[in-house]
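Here's the structure, in structure tokens; my notes come after.
The values are calculated or read from the model by the stated rules, or taken from the named source; none is laboratory data. Worth saying up front: this structure is predicted, and the values here are computed from it rather than measured. Glycine gets a Cβ as well: all are built from the backbone with ideal geometry, and neighbour counts include every protein chain shown. Quick note on the areas: whole protein, heavy atoms, side chains included, nothing else; ligands and nucleic acids left out. Shrake-Rupley method; radii C 1.70, N 1.55, O 1.52, S 1.80 Å.
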Amino acid sequence: LENLEPEIKKLAERLRYEVSVRGKQLGWSEKVARFHFKKNLRRIITELYVRDNCHPFKATLLVWVQIPMWVCVSLALRNCSVGAADSEVQEQFSAGGALWFTDLTAPDSTWILPVSLGLVNLLIVEV
């Protein structure tokens, strides 16, 4: 989208000139000329989005899918570790760890997992 901005500005200036010339020829009022300018500019921008396959909605689509998934996974993990009614699940989590984290219901006192998760997510975002 940012790469299209200079092209959109050039096309908007050209379109503004063409609409003003056409408006003077046909005797359009300022309101009618503005309406035709906006209508044609929207059409041109849509054509550019289709040409370059970069609609703004595509940039936000990942967020609209990722946020609900994150909420659901967070709630599911929280319910499994502390909010489960079945004590068998909590027993399995408290005895099912590995390496330095033997109890999955206890917070990580070394902060290795939260920091590494944050760094991996930052790396994914930056790449």
For the chain, the percent of accessible surface on carbon and sulfur atoms (probe 1.4 angstrom, ligands and nucleic acids excluded) is 64
Where does the chain land at 222 nm, in deg cm²/dmol rounded to the nearest 500, when only DSSP H runs of n ≥ 4 count, each adding -39500 (n - 2.57), divided by all residues? -25500 deg cm²/dmol
Which of the lysines could a cross-linker bridge to K31, judged by Cα under 28 Å and excluding same-chain residues fewer than eight apart? K9, K10, K39
Filtered hits (aspartates and glutamates, Cα-Cα < 15 Å from K58, offset >= 8 within chain) -> E2
Averaged per residue, the 1.4 Å probe accessible area of the chain, protein heavy atoms only, in Å², is roughly 83
Which of (i) 15.9; (ii) 17.5; (iii) 20.3 is the computed Kirkwood radius over Cα pairs in Å? It is (iii)
Any idea which of C54, S29, W100 is furthest toward the positive side of the dipole for the chain, if Lys and Arg beta-carbons carry +1 and Asp and Glu beta-carbons -1? S29
Rounding to the nearest 20 debye, state how big the charge dipole of the chain is about its Cα centre with +1 on each Lys and Arg Cβ and -1 on each Asp and Glu Cβ. 1700
For region 1-67, what does the alpha-carbon gyration tensor say about shape, rounded, prolate or oblate, given a ≥ b ≥ c as the root eigenvalues, a/c under 1.5 as rounded, and a/b over b/c as prolate? prolate
